[in-house]
Every structure is written in structure tokens, then in C-alpha cells.
Amino acid sequence: MLGLMQNQQLLISNLIEFASRHHADGEIVSRRVEGDLHRTTWGDIAKRSRQVAHALDGLKLAFSSRVATLAWNGYRHLELYFGVSGSGRVLHTLNPRLHPDQVVWIANHAEDEVLCFDMTFLPIIQAVHSRCPMIKTYVAMCDTDKLPADSGIPNLVSYEAWMGSQSAKYDWPQFDENSASSMCYTSGTTGNPKAALYSHRSTTLHAYAAALPDVMCISARDSILPVVPMFHVNAWGIPYSAALTGAKLVFPGPAMDGKSVYELMETERVTYSAGVPTVWQMMLAHMKANNLKFSTMRRTVIGGSACPPAMIKSFNDDYGVDVLHAWGMTEMSPLGTLCTLKNKQLSLPPDAQMQIRLKQGRAIYGVDMKVVDEAGNELPWDGKTSGDLLVKGPWVVAEYFKGEGGNPLIKGWFPTGDVATIDSDGYLQITDRSKDVIKSGGEWISSIDVENIAMAHPAVMMAACVGMPHPKWDERPIIAVVKKPDAVVTREELLKFFEGKTAKWQIPDDVVFVDVIPLGATGKMQKMKLREQLKEYKLPSLG
Ligand code: ADP
């Protein structure tokens, strides 16, 4: 017997229509590329996302066509979030920090047909457009009078001219909630980048879950400044949860330095924020140097990399801000765990509480997790035994876009590439990473890409890229190199060899010449051993 409840599909268009009907006057404030502050409301965002939907219909884009963005956090990007997905197309948020060659590869792989970009990224578009034959329309996210006359980009229109004259009434199409809504590429541990392809259902369920009190605790009383970019896993889902709750959104645009973010938090009475440790490092340094305090900020989610204990302490003790340590992945929409205390832990002494808060937290309902040994046997939740972390749930990938990399699941569980313990209260702690990647300032650097570039140098016989701890960026890559017999190459020459071949920030900080790189039985480089070998090593920038 089926339940007799209405079978309304969970569609992203419902989120924006709800926002429009129930909190139309909720504010959206954005610092624009032009530098000024722009103010709008959920009601206007809804209207304009309907206009975006009409504009896409006008381009005759088929259901599930990909519409890419290359944009900061801002109101136009928010309109595209709802207009693109709501009208049945797939929003593909490109990462502007990548090298143009990577952008070309990803845009072609995704088969993007439209690309909407902030003017900051015009040079990227100029570098890539001739190599992206599927993109038929380029939309500059600017006012009509700001459109450059001589950009050299064919079919370039200004966002306002493109959507501005469209009707603000639109009947959102109704379709299966499992249809694709958006996509985000993540740097592959092997081979090329792979895309997580989210659905309307997964995004809506994630939006509900993210707003829960023990998760991000998002409400209509919040003023939220997402520092985490909208091109990085949908800004951790905040735009959707904000639409669902009616929270105010404050977008920093391109001004991501500590001073600008702090000022915006103060003027817009921000209560809540989210970002990777690196951005907070910069902001705390600015606040300390200028003896500043927060007037309204109360909570911030920190994730993407392990949050340093000193940061949690400083936020709490010096600024009265509660840090919510979170763990997740692009493949998980991204939220997996969040660290909040249980009732019984509130009476623990501060040090004991701190030990818990340093962990990545408890699973959110909707994500199940386990740690397993090499044979796949589940390990005990004792807070000590570490193993490979596996997850499953309705907002975890089942496979990557176009089946890249084959079936990633192990008996229905997604292997995260993280190594972790889980304690008897269900708190996860990430202890290591089995995937061969480096995370710098919250963004991935593929060791394999770095190694491939080094190996293309005629003097290099073998190269291994590893991450070294860095106080600001969390990790920075270095490359250990075995030279070919009698070959001569200097550190400087090799570093120069990387220029132009990858994004600047993905170039290793240093080259270490070694006699051998430890290899395992199958000939695979043993990075753990190499890191052990380099344990006395210090990055040049750290003296
Ligand atoms: P995001 O940066 O949004 O978490 P990514 O897919 O870019 O998503 O990165 C996911 C990976 O980042 C995880 O598999 C893990 O290795 C690392 N990571 C994320 N959050 C944390 C955290 N709180 N502590 C340690 N590592 C983390």
C-alpha cells in the first residue's frame, strides 16, 4: 500500500519560489566587481532567476544542457543557481583558479554550451574561447554599458541585456527530482578531473539537512556571509539553505582579503560565515593587528582542511565566535559531518571540550559512515583504530559524470580517500589521506599533474610530489626529483619549467634532489616513506 501524500518532486525551483512567497523582502547584499555594494531581495532574485530561465529558453537549450559560470559570490551568480537548474538545465560552476588549459579541458568534457562570467575573468575567457567549440554564448555578468566593445569574444552579451527584458513570470517545468541540477569537478587522484553531478533531490535534501540545528543551524534570523566560493561545491550548499530558511545573504565578491571581509561583516551585521582555514587566518591576522572585535558574528563553519586548534581557540576566546568544524567532499554535496557538542559534553572542562571540537564531528542524518581495514572489515568506533573512511547516502555520488573512473563504490559505499577514526559517540576524526593529492588554501593540487610536468623535463628520471605543512596554506607542494645519470639541472631551472604549464599556485614551492624515491613492491612510489624521509625538511618560505 502506498502512502496517500502528495507526490511533489523536490525541485530547486521550489526553493526559490518559496523564498519569493515567504520571505520576499529578505536581503541579498553583494560587493560587485566594480567595487560598489549592491542590495536586492529574495523576491527580486526570484524574479530575475525566472528571467534567466526565459533567456535560456530563448537560446533553445535542451533539458540537461550545461550552463557554466566563472564567477565570484554575488547576486547574479545566485540568480543563475536558480534560473539554470530550475529551468531544467545543469549549472556547471567552473573554478577560475585553474589554469586556462584545465578550464578548456573541463568545459569541453562537461559540454558546456553557455558560459556566464564575471568581468574579472575576461582574460581567462579570452585565453580559452577558441578552444571551446561547444560554447555558443558568452554572457558577461555586468551592466550593459560595462560590456567591452573589443573583447574579441564572439557572441558576447551582457547579462542585463540578455535577461533584463524577459518576463518575470515563468512556469517552472516539472520533472523527475532525480534529474541533474548542477555539477562540480574535483581534481582526480588518478587521471583527469571528475565531476560530481548533483540532482534536484540530492540538493534539496542536503539543503534541509544543512539547515538543521546540529548542522549549520541556519535560520531566518541569520545574516550569512559565505566566504567559501559558489564555484566550490555550491558554497557548501548555503545558497539553497538560505532560500529555504529566508536567511540574509552577504556576498563578498572578489574582495576576499581580511580587511574587506571584516568590514562587510560589520556593516551587514553578519552573524554567520563559512570558509576554509586559510581565509580565516588572514582575517584573524587583520583583526589582531588592528585590535578589532566583532559586533554580531556568532558562528562560523570551518572545513575543507583540518581546522588548527589555535584558530578554534582564538575565535572562541578572543572574539566570542563558535567554530563549527566540518568535514565533507565535492562528492558529498559536500556536507558529511559537523562538530557540535552533545548535551552530556557541555559539563566537561574546556580542555576536554576542545579535544572533541578538534574532531570533524558527527554524521549528519542522510550520511552514513564507517572505517574499514584493508580487507574491508568494519573497524570499531573506539576513537583509536584508524582505517579507510567510507560513506553513503542520498547526497553522495553513485558514480562520476560520464562514468569517468568506473564504478567508484565498494558494495554501495563511497571510499573517501580519507583515513579516520570514529569514537564511541560517533565523532569522526580525519587522521590521514590515502589519496595522492595536496590541498593548498582549500583547493586541490594533483600530485600526478605536477609529477607529469617534471617528468617532461629532459633531466628528470623520476619525480614525486608531496605536500608539506604550511601555516597559511595548510599544505604546499614540493617535488622530490631523481636526476638522469650525468644530467645537469638546477632547482631554479626546474621551477621555471613549470611556468605556463599549470596555474601559478599549483607550481611546487621547492625542488629537492634525492638519490632514490622509495618504491613499493608493485613499483608504486611510496609517498608515506618519502614524507618520512623528508621529515626534517622545511619549506624555503618558512626559513
Ligand atoms: P571541501 O573542500 O568542500 O571539503 P573537496 O572535495 O575539495 O571539498 O575536498 C574534500 C577533502 O578535503 C576531504 O576528502 C578531506 O581530505 C579534506 N577535508 C575536508 N574537510 C576537512 C576537515 N575538516 N579536516 C581535514 N580534512 C578535510
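Is it the case that some residue within the range 111-130 is closer than 28 Å to E499 by Cβ and aromatic (F, W, Y)?
Yes, the conditions are met somewhere in the range 111-130.
Any idea which residue in the range 144-165 is modelled with the lowest pLDDT, counting only those that are aliphatic (A, V, I, L, M) and in a loop (DSSP other than H, G, I, E, B)?
That would be A149.
Is it fair to say E492 is away from the ligand (no atom under 13 Å from the Cβ), at pLDDT 90 or above and in a helix (DSSP H, G or I)?
yes
Taking the range 441-479, which residues are closer than 17 Å to Q526 by Cβ and polar (S, T, N, Q)?
S447
Read through the list (1) part of a loop (DSSP other than H, G, I, E, B); (2) more than 11 Å from the ligand (Cβ to nearest atom), then give the number of the only condition that K402 fails.
With respect to (1) part of a loop (DSSP other than H, G, I, E, B); (2) more than 11 Å from the ligand (Cβ to nearest atom), K402 is out only on (1).
Restricting the search to the range 256-295, which residues are of a type in the set (S, T, N, Q) and either in contact (Cβ under 8 Å) with a residue 60 or more places away in the chain or in a helix (DSSP H, G or I) (or both)?
Selection gives S260, T267, T278, Q281.
Consider R97 against the criteria (1) modelled with pLDDT of 95 or more; (2) closer than 26 Å to K504 by Cα: it satisfies all of them except one. Which criterion is unmet?
Looking at each condition in turn, R97 falls short on (1).
Considering every residue within the range 443-464, establish whether at least one is touching a Gly at 6+ places or on another chain (Cβ under 7 Å), within 9 Å of the ligand (Cβ to nearest atom) and not charged (D, E, K, R).
Taking every residue of the range 443-464 in turn, none turns out to be touching a Gly at 6+ places or on another chain (Cβ under 7 Å), within 9 Å of the ligand (Cβ to nearest atom) and not charged (D, E, K, R).
Hey, P334 hits all of (1) touching a Gly at 6+ places or on another chain (Cβ under 9 Å); (2) modelled with pLDDT of 95 or more; (3) more than 22 Å from S182 (Cβ to Cβ) but one; which does it fall short on?
(3)
Which of (1) over 30 Å from A127 (Cβ atoms); (2) in a helix (DSSP H, G or I) is the odd one out, the single condition A480 does not satisfy?
Failing condition for A480: (2).
Give the residue, chosen from T330, T278, T267, that is within 16 Å of the ligand (Cβ to nearest atom) and over 30 Å from P394 (Cβ atoms).
T278
With respect to G405, determine if the residue is modelled with pLDDT under 90, surrounded by 16 or more Cβ atoms within 10 Å (Cβ to Cβ) and among the small types (G, A, S).
Considered against the rule, which asks whether it is modelled with pLDDT under 90, surrounded by 16 or more Cβ atoms within 10 Å (Cβ to Cβ) and among the small types (G, A, S), G405 comes out as no.
Go over the candidates C142, C132 one by one and state the one that is under 19 Å from R76 (Cα atoms), among the hydrophobic types (A, V, I, L, M, F, W, C) and in contact (Cβ under 8 Å) with a residue 12 or more places away in the chain.
C142
Per-residue answers, yes or no, for (1) of a type in the set (G, A, S); (2) away from the ligand (no atom under 11 Å from the Cβ); (3) closer than 21 Å to K529 by Cβ:
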{"residue": "V391", "(1), (2), (3)": "no, no, no"}
{"residue": "A398", "(1), (2), (3)": "yes, yes, no"}
{"residue": "N407", "(1), (2), (3)": "no, yes, no"}
{"residue": "G417", "(1), (2), (3)": "yes, no, yes"}
{"residue": "D425", "(1), (2), (3)": "no, yes, no"}
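Tell me which residues, restricted to the range 513-543, are of a type in the set (V, I, T) and either in a strand (DSSP E or B) or touching a strand residue (DSSP E or B) at 6+ places or on another chain (Cβ under 9 Å) (or both).
V514, V516, I517
Condition (residue is acidic (D, E), in contact with a Ser or Thr (Cβ under 9 Å, 6 or more places away or on another chain) and within 16 Å of the ligand (Cβ to nearest atom)) applied to the range 372-384: is it met by at least one residue?
No, that holds for no residue.
Residue by residue through the range 287-322, note down the ones that are under 16 Å from Q353 (Cβ atoms) and within 11 Å of the ligand (Cβ to nearest atom).
Correct list: C307 only.
Just to check your reading of the model, which residue among A195, A207 is in contact with a Ser or Thr (Cβ under 6 Å, 6 or more places away or on another chain) and among the hydrophobic types (A, V, I, L, M, F, W, C)?
A207
Check whether at least one residue in the range 500-512 is outside any helix (DSSP H, G or I), surrounded by fewer than 17 Cβ atoms within 10 Å (Cβ to Cβ) and acidic (D, E), and report yes or no.
No, that holds for no residue.
At least 2 residues that are crowded, with 20+ Cβ neighbours inside 10 Å in each: list the strands (runs of 3 or more DSSP E) lying fully within the range 22-78 that qualify.
Output list reads 27-31, 66-70.
Exactly one condition in (1) surrounded by 23 or more Cβ atoms within 10 Å (Cβ to Cβ); (2) closer than 30 Å to E404 by Cβ; (3) touching a Gly at 6+ places or on another chain (Cβ under 9 Å); (4) of a type in the set (A, V, I, L, M) is not met by I238; state its number.
It fails just one condition, (3).
The values are calculated or read from the model by the stated rules, or taken from the named source; none is laboratory data. Quantities reported herein were computed from a predicted structural model and do not represent experimental measurements. Positions of Cβ are generated from backbone atoms using ideal geometry, with glycine treated the same way; all protein chains shown enter the neighbour counts.
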